[in-house]
1. Are any of the residues in the stretch 47-65 outside any loop (DSSP other than H, G, I, E, B), modelled with pLDDT under 90, loosely packed, with under 15 Cβ neighbours inside 10 Å and outside the structural domain of Asn166 (by TED's automatic domain parsing)?
2. Is it the case that Glu42 is in contact with a helix residue (DSSP H, G or I) (Cβ under 6 Å, 6 or more places away or on another chain), closer than 30 Å to Gly137 by Cα and modelled with pLDDT under 80?
3. Output the number of residues of the stretch 134-159 satisfying the condition of being buried (at least 20 other Cβ atoms within 10 Å of the Cβ) and outside any helix (DSSP H, G or I).
4. Of everything in the stretch 73-99, what is modelled with pLDDT under 90 and either farther than 24 Å from Cys39 by Cα or surrounded by fewer than 19 Cβ atoms within 10 Å (Cβ to Cβ) (or both)? Give them in sequence order.
5. Considering each residue of the stretch 111-142, count those that are under 30 Å from Asp79 (Cα atoms) and touching a residue at least 12 places away in the same chain (Cβ under 8 Å), and give that number.
6. Determine which single condition Ser124 fails, assuming it passes every other condition in (1) polar (S, T, N, Q); (2) at pLDDT below 85; (3) closer than 30 Å to Thr160 by Cα.
7. Only one of (1) surrounded by 14 or more Cβ atoms within 10 Å (Cβ to Cβ); (2) under 30 Å from Val158 (Cα atoms); (3) touching a residue at least 40 places away in the same chain (Cβ under 8 Å) fails for Ala108. Which number is that?
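The values are calculated or read from the model by the stated rules, or taken from the named source; none is laboratory data. Since we're looking at a predicted model, the values are computed, not measured. Don't worry about glycine lacking a Cβ; one is built from the backbone with ideal geometry, like all the others, and counts go over all protein chains shown.
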Amino acid sequence: MKARASGSPPRAPRRSAKSTWPDPGPNQIQARTVANGICMFEVSVYSGKEPMYPRNVGHEGVGVVTKVGRDVKHIREGDWVATFNWSTAVNMDAAGAAVFSRRPADPALFIAEPPSCVVTALYSYDLTPGDRVLVLGAGYMGLLNVQGLAHCPLAELVVTDIKESNLALAQAVRRHRGHQQRDSRRTGAARGVETEAL
């Protein structure tokens, strides 16, 4: 299979390299990545704050299986899997493959790492009933945090963002879950969650 991988150092034109991908081994599958995410760690890598080169962009891929190794029985060509890579083709062990139960209408919605990061973060917050929490940033990760925090028995959940549309989404989640509303400029929240770095 022909494949393409992408990666660039900071402030440089994007580089894309073509390669020929070998057939999968007997216990492997080969998948074509169709959607991928770039997390905040990778933003710091490509901004030059934490340079690590060479490195392919992304590690949250979703793809469709194009070839199956001869000993693989539980995965078929056409199945959808998490590829964890942003090369257009990837060979991976079939035993550990995360297979989706259905074809995603929008593969980007099946990128699993952002919700996984938020679940891990929610456990790390060490919240207790009655805490007051401030979420700084209601972008994609912030809104995922708000959805998780809305299920916690908090005294108050305050969300800040510079975009009114993001605040409206956060407010809709909080109102649905019955959380007290408060203007973020007057908060004295006991805990803060800065979501850009998640």
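1. yes
2. Considered against the rule, which asks whether it is in contact with a helix residue (DSSP H, G or I) (Cβ under 6 Å, 6 or more places away or on another chain), closer than 30 Å to Gly137 by Cα and modelled with pLDDT under 80, Glu42 comes out as no.
3. Number satisfying all stated conditions: 7.
4. Hits for the stretch 73-99 are Gly96, Ala98.
5. Going through the stretch 111-142 one residue at a time, the tally reaches 10.
6. (2)
7. The one condition Ala108 does not meet is (1).
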